[in-house]
Amino acid sequence: MCGIVGYIGNKRAIDFLLDGLTKLEYRGYDSAGVAVNCGDEGIFIEKAVGRLDSLKQKLKGRLPNGTIGIGHTRWATHGRPSDVNAHPHSDCHGNFVVVHNGIIENYLPLKQDLISKGHKFISETDTEVVAHLIEENYHGDFLLAVREVLAKIEGSYSLLFMSKFHPDTLIAAKQDNPLVIGLGENGENFIASDIPAIISYTRKTYILNDGDIAIVQKNNVQFVNRQGAPISKKIFHVSWNAAAAEKGGYEHFMLKEINEQPKAVRDTISPHILNNSVNFNELNWNSDFLKNINKIYIVACGTAYHAGLVGKFYIEKLVRKLVEVDLASEFRYRSPIVDENTLVIVVSQSGETSDTLAALKESKRLGAKTLAVTNVVGSSIAREAEFVILTAAGPEIAVASTKAYTTQLILMFMLALYMAQLSKSIPENEIERLINLLKKIPAQISETLSDVDPIKTFAQMYGFNDDVFYIGRSLDYCVALEGALKLKEISYIHAEAYAAGELKHGTLALIVEGVPVIALATQKSVYEKTLSNIKEVKARDAIVIGIAAQGDSQLSNYLDHVIFVPDTDELLIPLLTVVPLQLLAYYAAITRGCDVDKPRNLAKSVTVE
Ligand code: AGP
């Protein structure tokens, strides 16, 4: 979850490094640093704990002029955030510097061995071991030294190396964490851990795969594998426009991305709907493939896990196959019952979440068919899975996931319809009816977004409460879990979601006068039950804000406030009910003066266990 940048060319490297790090600060921001090769003056290094601005302050009036450099924004894993622990890290003599994203799992024995050989360490990080390993293994050949280091380290990493002895070369290595190379014009090339850092400089990129080593010079980029054998790679043309990686006029990335949901959902739907049927050419499954699947797992973390809970409903309802949803961090440690007749669906916006990637690898090891639902082309999870289907949300920069969630729901809904088509589990006219409702969702999300004032008011009225509860049944409960996470992670209010029928088994003890309860009541099949649960909390003088489908004439009789969303099939209405919950969290965070896009302690992509 750290940000890595590198530049080699004819211009001042520091300018790209600082601009690129600014674009990547969402990937990690407890400290930052840069290193620039200044020829005879040696390698210039500057680091600072805190946001990137702290580093910029330190650099004021002393920007180095070198034309080759590397930079890093950090989310601490080993060693607390500090100047010393910030990257880049160098060897004993400042001849080699390295920046790193991931974890070197065997760094301690390596560090002890290097210390026994006289190396002096100054930081608490795992990364510094790599710098001293390069020094220990360098005998004139930079690439060979890097390969020997990679052979010694274990774990997940993307690494970028620079050497005082090779002012014309940067070397990058990728394992489990993303790295892209941007191909500049007129003798310059760029390296970054994510596309937003380079998109305003070039659209021509190479996406590194696990095991790739890139030798980057200003007029040439070559690839070799760990054994040093040359690799040929295709150029990947980035179609995202530059604005997509910027805020586009909104105050925060999160609000921009909430408002991008109609387009993101539309873009996700359109490639898969043709003549009122669903197609996934990239899967090319058939009825026999499905007949052989006797169990399905959906495995993910955080918001993606909440999307998986909805996906379970879709597949069990439309395809009548058993689905179990599990947290990726739990899945592989509980000896899951997985074999060649199991389909494991992993859901991950970033495609880099370490727990989810590990669960995917374990599933493959156990013989399962694997399908990735992800938003990032060429991500580690996308490349690891046997099958991949992509959301078309575009880059999601805010730490709080919004458009990724709704596009994940849409993709899993279509996947369920596709499976239902193949297995003929529901009549064709029902599939057609659902597809017609699906096509209306983007416009209905737009309609839901058109009236945010009541939500802003609620956020201002209740934004300073210490506790908020979310209740619902069936799919409303799944969405309640997502709504609670949104509020927690960006406004820092303690929020809990409960199955509405579960309250009376304990939690009702916490519902007293003035406690805000968000009650979702859109699932027609359990509406009366939900209504009685709402009456339970009202009887304890809670303040209840209802989320209901347009046309519901009952709820307003019982509730202080009701937010209506357009009516549609109860399978699809989660796409709409989540929107006011996203906005409620956003405006509550604003009310409380929180850093909406970069909430404390969190990072956009959690690439450590
Ligand atoms: C969502 O708002 C959170 N930031 C977090 O729970 C996130 O969904 C989780 O870390 C999974 O990320 P992924 O989808 O990139 O795998």
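Below are the figures for this structure:
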read-out	value
Residue satisfying condition, being open to solvent by 60 Å² or more (accessible area, probe 1.4 Å) and under 20 Å from residue 401 (Cβ atoms), within set 260, 251	251
Conditions (1) touching a residue at least 24 places away in the same chain (Cβ under 8 Å); (2) touching a helix residue (DSSP H, G or I) at 6+ places or on another chain (Cβ under 7 Å); (3) more than 24 Å from residue 260 (Cα to Cα); number of the one not met by residue 339	(2)
Candidate set: segment 484-516, residues that are within 29 Å of the chain's Cα centre (by Cα) and of a type in the set (A, V, I, L, M); chosen: the one nearest to the ligand (Cβ to nearest atom)	485
Residue satisfying all of: in segment 320-338; of a type in the set (D, E, K, R) and farther than 29 Å from residue 602 by Cα; nearest to the ligand (Cβ to nearest atom) among these	321
Residue check for residue 124: open to solvent by 40 Å² or more (accessible area, probe 1.4 Å) and touching a residue at least 12 places away in the same chain (Cβ under 8 Å)	yes
Qualifying residue in segment 569-586 (condition: modelled with pLDDT under 95 and of a type in the set (Asp, Glu))	no
Residue list for segment 435-462, filter: surrounded by 17 or more Cβ atoms within 10 Å (Cβ to Cβ), among the small types (Gly, Ala, Ser) and over 28 Å from residue 279 (Cα atoms)	459
So residue 299, is it of a type in the set (Val, Ile, Thr), within 14 Å of the ligand (Cβ to nearest atom), open to solvent by less than 20 Å² (accessible area, probe 1.4 Å) and free of Cβ contacts under 8 Å to residues at least 60 places away in the same chain	no
Residue satisfying all of: in segment 36-87; surrounded by fewer than 18 Cβ atoms within 10 Å (Cβ to Cβ) and among the basic types (Lys, Arg); modelled with the lowest pLDDT among these	80
Pair list, Cβ under 8 Å, 6 or more apart: segment 484-497 residue farther than 14 Å from residue 464 by Cβ, other residue open to solvent by 50 Å² or more (accessible area, probe 1.4 Å) and within 13 Å of the ligand (Cβ to nearest atom)	489/602
Any hit, segment 309-319, residues being open to solvent by 10 Å² or more (accessible area, probe 1.4 Å), out of contact with any strand residue (DSSP E or B) (no Cβ under 7 Å at 6 or more places or on another chain) and free of Cβ contacts under 8 Å to residues at least 24 places away in the same chain	no
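The values are calculated or read from the model by the stated rules, or taken from the named source; none is laboratory data. Since this is a predicted model, take the numbers as computed values, not measurements. In this analysis, Cβ positions are derived from the backbone assuming ideal geometry, glycine residues included, and neighbour counts consider all displayed protein chains. Only protein heavy atoms, including side chains, enter the accessible area calculation; ligands, DNA and RNA are left aside. Shrake-Rupley method; radii C 1.70, N 1.55, O 1.52, S 1.80 Å.
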